[in-house]
Amino acid sequence: MKIESIMKRIQKFTAILAVLAFVFAACEHPVNPTPGGNEGNNDPKERVIVYTVGQTENRQTLDTEGEWDALLDVLCNQAKNGQTVTFYNMNQTTYFQNNGAGGTKAAKTFSTTDRDAMKAWMKEREKEGLTVVVTYDNGTWNGMAYASAPPATISNTIIGTWHFSCSVVSHIDSEGHLLGSDLYVPEEGGGSMYYTFYDNGTLTLTFNGMDGTAASDNSTWTLSDEGELCSDLLPNGGCWNVNWITDNTMIMSRSDLGTEEGDLLYQLQFDKE
(Lines give C-alpha, C1' and ligand atoms only; values in the text may rest on other atoms or scores of the structure.)
Protein backbone atom coordinates (compact mmCIF):
# COMPACT_ATOMS: atom_id res chain seq x y z
CA MET A 1 0.00 0.00 0.00
CA LYS A 2 1.46 3.39 -1.00
CA ILE A 3 2.03 6.07 1.57
CA GLU A 4 -0.55 8.38 -0.08
CA SER A 5 -3.23 5.78 0.63
CA ILE A 6 -1.98 5.32 4.18
CA MET A 7 -2.14 9.02 4.95
CA LYS A 8 -5.75 9.27 3.76
CA ARG A 9 -6.75 6.96 6.61
CA ILE A 10 -5.62 9.42 9.25
CA GLN A 11 -8.63 11.23 10.69
CA LYS A 12 -8.42 15.02 10.83
CA PHE A 13 -10.25 17.32 13.21
CA THR A 14 -10.04 21.02 14.10
CA ALA A 15 -8.85 22.11 17.54
CA ILE A 16 -8.11 25.38 19.25
CA LEU A 17 -4.74 26.13 20.81
CA ALA A 18 -5.94 24.89 24.19
CA VAL A 19 -6.12 21.40 22.72
CA LEU A 20 -2.53 21.70 21.54
CA ALA A 21 -1.46 22.58 25.06
CA PHE A 22 -3.45 19.65 26.46
CA VAL A 23 -1.85 17.17 24.07
CA PHE A 24 1.70 18.27 24.86
CA ALA A 25 1.43 19.13 28.55
CA ALA A 26 1.84 15.63 30.07
CA CYS A 27 4.64 15.62 32.64
CA GLU A 28 5.67 12.65 34.77
CA HIS A 29 7.99 14.61 37.05
CA PRO A 30 6.99 18.29 37.00
CA VAL A 31 9.10 21.02 38.50
CA ASN A 32 7.09 23.36 40.70
CA PRO A 33 8.63 26.81 40.30
CA THR A 34 8.99 28.91 43.41
CA PRO A 35 7.93 32.52 42.76
CA GLY A 36 10.95 34.77 42.37
CA GLY A 37 11.58 38.38 41.60
CA ASN A 38 8.79 38.50 39.02
CA GLU A 39 6.11 36.96 41.24
CA GLY A 40 3.70 39.89 40.75
CA ASN A 41 3.65 39.51 36.96
CA ASN A 42 0.42 37.71 36.15
CA ASP A 43 0.21 38.81 32.52
CA PRO A 44 -1.32 35.89 30.59
CA LYS A 45 1.09 34.18 28.20
CA GLU A 46 0.68 30.46 27.67
CA ARG A 47 3.79 28.37 27.09
CA VAL A 48 4.31 24.63 26.89
CA ILE A 49 7.95 24.11 27.89
CA VAL A 50 9.77 20.83 27.34
CA TYR A 51 13.10 20.74 29.14
CA THR A 52 15.85 18.51 30.43
CA VAL A 53 17.91 18.83 33.58
CA GLY A 54 20.84 16.50 33.07
CA GLN A 55 19.28 13.38 31.55
CA THR A 56 15.77 13.92 32.97
CA GLU A 57 13.11 15.18 30.56
CA ASN A 58 10.02 17.10 31.73
CA ARG A 59 7.17 19.19 30.33
CA GLN A 60 5.24 21.98 31.96
CA THR A 61 2.41 24.29 30.89
CA LEU A 62 2.81 27.88 32.08
CA ASP A 63 0.00 30.43 32.00
CA THR A 64 1.70 33.72 32.94
CA GLU A 65 4.95 35.63 32.57
CA GLY A 66 5.49 35.26 36.30
CA GLU A 67 5.38 31.46 36.05
CA TRP A 68 7.84 31.59 33.17
CA ASP A 69 10.23 33.79 35.13
CA ALA A 70 10.00 31.43 38.10
CA LEU A 71 10.77 28.37 35.96
CA LEU A 72 13.80 30.16 34.50
CA ASP A 73 15.02 30.72 38.08
CA VAL A 74 14.67 26.98 38.74
CA LEU A 75 16.59 26.13 35.57
CA CYS A 76 19.34 28.64 36.37
CA ASN A 77 19.70 27.11 39.84
CA GLN A 78 20.01 23.64 38.33
CA ALA A 79 22.68 24.86 35.90
CA LYS A 80 24.61 26.49 38.75
CA ASN A 81 24.45 23.15 40.57
CA GLY A 82 26.38 21.57 37.71
CA GLN A 83 23.58 20.29 35.49
CA THR A 84 23.25 20.94 31.75
CA VAL A 85 19.83 22.53 31.21
CA THR A 86 18.00 22.53 27.86
CA PHE A 87 14.52 23.89 27.07
CA TYR A 88 12.18 24.59 24.15
CA ASN A 89 8.79 26.30 23.95
CA MET A 90 6.38 24.00 22.11
CA ASN A 91 3.85 26.78 21.56
CA GLN A 92 4.26 27.37 17.84
CA THR A 93 2.69 30.81 17.69
CA THR A 94 5.56 32.22 19.76
CA TYR A 95 7.98 30.89 17.17
CA PHE A 96 6.09 32.41 14.26
CA GLN A 97 5.44 35.82 15.75
CA ASN A 98 9.04 36.45 16.72
CA ASN A 99 11.09 34.38 14.29
CA GLY A 100 9.48 35.71 11.14
CA ALA A 101 9.56 34.45 7.60
CA GLY A 102 13.29 33.93 7.29
CA GLY A 103 13.80 32.05 10.55
CA THR A 104 16.93 31.99 12.68
CA LYS A 105 19.19 29.17 11.51
CA ALA A 106 22.61 30.10 12.89
CA ALA A 107 23.32 29.01 16.46
CA LYS A 108 23.79 31.80 18.99
CA THR A 109 26.10 31.77 22.00
CA PHE A 110 26.40 33.94 25.09
CA SER A 111 28.55 34.06 28.24
CA THR A 112 28.17 36.25 31.31
CA THR A 113 28.84 36.36 35.03
CA ASP A 114 25.52 38.19 35.57
CA ARG A 115 22.56 35.91 36.38
CA ASP A 116 19.97 38.51 35.35
CA ALA A 117 21.73 39.03 32.04
CA MET A 118 21.67 35.28 31.48
CA LYS A 119 17.94 35.11 32.18
CA ALA A 120 17.30 38.02 29.83
CA TRP A 121 19.25 36.25 27.08
CA MET A 122 17.29 33.03 27.67
CA LYS A 123 14.01 34.94 27.37
CA GLU A 124 15.05 36.55 24.09
CA ARG A 125 16.06 33.23 22.56
CA GLU A 126 12.76 31.67 23.66
CA LYS A 127 10.94 34.51 21.87
CA GLU A 128 12.84 33.59 18.71
CA GLY A 129 11.59 30.01 18.92
CA LEU A 130 15.02 28.57 19.60
CA THR A 131 16.07 25.64 21.75
CA VAL A 132 18.31 26.88 24.57
CA VAL A 133 21.17 25.06 26.34
CA VAL A 134 22.65 26.54 29.54
CA THR A 135 25.68 25.50 31.61
CA TYR A 136 27.64 27.14 34.43
CA ASP A 137 31.37 26.96 35.00
CA ASN A 138 33.66 28.85 37.40
CA GLY A 139 31.25 31.72 37.93
CA THR A 140 30.27 32.10 34.27
CA TRP A 141 26.95 31.28 32.65
CA ASN A 142 27.25 29.85 29.14
CA GLY A 143 24.35 29.64 26.71
CA MET A 144 23.82 28.19 23.24
CA ALA A 145 20.59 28.47 21.23
CA TYR A 146 19.62 26.87 17.92
CA ALA A 147 16.64 26.36 15.58
CA SER A 148 17.63 22.78 14.80
CA ALA A 149 19.75 20.48 16.93
CA PRO A 150 23.37 19.96 15.88
CA PRO A 151 23.65 17.22 13.21
CA ALA A 152 25.87 15.09 15.44
CA THR A 153 23.23 15.16 18.19
CA ILE A 154 20.50 14.15 15.77
CA SER A 155 22.42 11.37 14.04
CA ASN A 156 23.50 9.87 17.36
CA THR A 157 19.97 9.84 18.78
CA ILE A 158 17.55 9.31 15.92
CA ILE A 159 18.48 5.71 15.08
CA GLY A 160 15.62 3.40 16.07
CA THR A 161 11.82 3.33 15.90
CA TRP A 162 9.65 6.34 16.70
CA HIS A 163 5.90 6.38 17.26
CA PHE A 164 4.29 9.25 15.32
CA SER A 165 2.17 10.81 18.06
CA CYS A 166 0.53 13.74 16.26
CA SER A 167 0.98 16.75 14.02
CA VAL A 168 -0.47 20.22 14.42
CA VAL A 169 -1.03 22.73 11.62
CA SER A 170 -1.49 26.29 12.90
CA HIS A 171 -3.08 28.98 10.74
CA ILE A 172 -1.61 32.45 11.36
CA ASP A 173 -2.83 35.85 10.14
CA SER A 174 -0.61 38.67 8.85
CA GLU A 175 -0.21 40.10 12.38
CA GLY A 176 0.95 36.81 13.87
CA HIS A 177 -2.36 35.92 15.53
CA LEU A 178 -3.52 32.32 15.74
CA LEU A 179 -6.67 31.73 13.69
CA GLY A 180 -7.02 28.04 14.51
CA SER A 181 -5.21 24.71 14.53
CA ASP A 182 -5.76 21.35 12.88
CA LEU A 183 -4.68 18.36 14.94
CA TYR A 184 -3.85 15.05 13.23
CA VAL A 185 -3.67 11.91 15.39
CA PRO A 186 -3.21 8.55 13.65
CA GLU A 187 -4.87 6.66 16.52
CA GLU A 188 -8.05 8.71 16.06
CA GLY A 189 -8.46 6.93 12.73
CA GLY A 190 -8.04 3.53 14.33
CA GLY A 191 -4.44 2.95 13.37
CA SER A 192 -0.88 3.79 14.40
CA MET A 193 2.22 4.98 12.57
CA TYR A 194 5.90 4.25 13.24
CA TYR A 195 9.07 5.61 11.64
CA THR A 196 12.23 3.47 11.82
CA PHE A 197 15.49 5.29 11.09
CA TYR A 198 18.52 3.18 10.19
CA ASP A 199 22.15 4.22 10.47
CA ASN A 200 22.67 3.54 6.73
CA GLY A 201 20.35 6.45 5.88
CA THR A 202 17.24 4.39 5.07
CA LEU A 203 13.81 4.96 6.60
CA THR A 204 10.74 2.74 6.94
CA LEU A 205 7.24 4.01 7.65
CA THR A 206 4.84 1.39 9.03
CA PHE A 207 1.10 1.85 9.38
CA ASN A 208 -0.80 -0.59 11.62
CA GLY A 209 -4.53 -0.71 10.90
CA MET A 210 -7.29 -1.22 13.43
CA ASP A 211 -8.12 -4.58 11.82
CA GLY A 212 -4.62 -5.94 12.43
CA THR A 213 -3.33 -5.26 8.93
CA ALA A 214 -0.02 -3.52 8.34
CA ALA A 215 1.48 -1.59 5.43
CA SER A 216 4.88 -0.03 4.97
CA ASP A 217 6.89 2.20 2.67
CA ASN A 218 10.63 2.75 2.42
CA SER A 219 12.79 5.70 1.53
CA THR A 220 15.89 7.55 2.77
CA TRP A 221 16.64 10.29 5.30
CA THR A 222 19.38 12.91 5.33
CA LEU A 223 20.59 15.78 7.51
CA SER A 224 21.53 19.19 6.18
CA ASP A 225 24.52 21.12 7.51
CA GLU A 226 22.05 23.15 9.61
CA GLY A 227 20.56 20.00 11.15
CA GLU A 228 17.36 19.88 9.09
CA LEU A 229 15.95 16.37 8.74
CA CYS A 230 14.81 15.59 5.21
CA SER A 231 12.73 12.70 3.87
CA ASP A 232 9.82 12.32 1.47
CA LEU A 233 8.16 9.96 3.99
CA LEU A 234 7.69 12.72 6.56
CA PRO A 235 4.27 14.44 6.48
CA ASN A 236 4.28 16.93 3.57
CA GLY A 237 7.76 15.68 2.65
CA GLY A 238 10.67 18.08 2.53
CA CYS A 239 12.97 19.17 5.34
CA TRP A 240 12.14 19.88 8.99
CA ASN A 241 13.86 21.69 11.86
CA VAL A 242 14.58 19.21 14.65
CA ASN A 243 13.80 21.55 17.52
CA TRP A 244 14.03 18.86 20.17
CA ILE A 245 15.45 15.35 20.30
CA THR A 246 16.19 13.11 23.27
CA ASP A 247 16.05 9.38 23.87
CA ASN A 248 12.33 9.89 24.60
CA THR A 249 10.93 12.64 22.38
CA MET A 250 11.47 14.27 18.99
CA ILE A 251 9.76 17.52 17.95
CA MET A 252 10.07 18.98 14.46
CA SER A 253 8.65 22.09 12.84
CA ARG A 254 8.54 24.03 9.58
CA SER A 255 6.59 26.95 8.13
CA ASP A 256 4.81 27.43 4.82
CA LEU A 257 4.23 31.10 4.19
CA GLY A 258 1.93 32.77 1.68
CA THR A 259 -0.19 29.73 0.78
CA GLU A 260 -3.79 29.93 -0.43
CA GLU A 261 -4.80 29.19 3.16
CA GLY A 262 -2.51 31.89 4.54
CA ASP A 263 0.63 31.33 6.60
CA LEU A 264 0.89 27.84 8.05
CA LEU A 265 3.12 26.49 10.78
CA TYR A 266 3.57 22.74 11.21
CA GLN A 267 4.75 20.76 14.22
CA LEU A 268 5.32 17.01 14.55
CA GLN A 269 5.80 14.98 17.71
CA PHE A 270 7.33 11.50 17.97
CA ASP A 271 7.89 9.23 20.98
CA LYS A 272 10.78 6.75 21.01
CA GLU A 273 9.84 3.08 21.21
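Brief remarks on what is shown
- Length available on full extension from GLU65 to THR220: 0.36 nm per residue minus the Cα-Cα distance, which gives 51.6 nm.
- Here THR202 and GLU175 are evaluated by their C-beta separation; at R0 = 30 Å the FRET efficiency comes out at 0.10.
- Evaluated at q = 0.26, 0.28 Å⁻¹, a Debye calculation over the C-alpha positions of the range 205-273 (equal weights, vacuum) places log10 I(q)/I(0) at -1.22, -1.27.
- Net length available on complete extension from ASN236 to THR161 is 25.0 nm, with 0.36 nm assigned per residue and the Cα-Cα distance removed.
- Radius of gyration and Dmax over the Cα atoms of the range 126-206, both given in Å: 18.1, 54
- Translational diffusion coefficient (Stokes-Einstein; Kirkwood radius from C-alpha pairs) of the range 225-264 at 4 °C, 1.567 mPa s, in µm²/s: 113 µm²/s
- Our estimate of slack between GLU261 and LYS45, defined as 0.36 nm per intervening residue step minus the Cα-Cα distance, is 75.1 nm.
- Within the accessible area of the range 115-273 (1.4 Å probe), percent carbon and sulfur: 44 percent
- Estimated from the Cβ-Cβ distance and a Förster radius of 35 angstrom, the FRET efficiency linking GLU124 and THR213 is about 0.10.
- Calculated FRET efficiency, THR109 to GLN55, Cβ-Cβ distance, R0 = 25 Å: about 0.65 to the nearest 0.05.
- Accessible area in square angstrom per residue, the range 128-273, 1.4 angstrom probe: 40 Å²
The values are calculated or read from the model by the stated rules, or taken from the named source; none is laboratory data. What you see is a predicted model, and the numbers here were worked out from it, not measured in a lab. Positions of Cβ are generated from backbone atoms using ideal geometry, with glycine treated the same way; all protein chains shown enter the neighbour counts. For the accessible areas, the whole protein counts, side chains as well, though only heavy atoms, and no ligand, DNA or RNA atoms are used. Shrake-Rupley method; radii C 1.70, N 1.55, O 1.52, S 1.80 Å.
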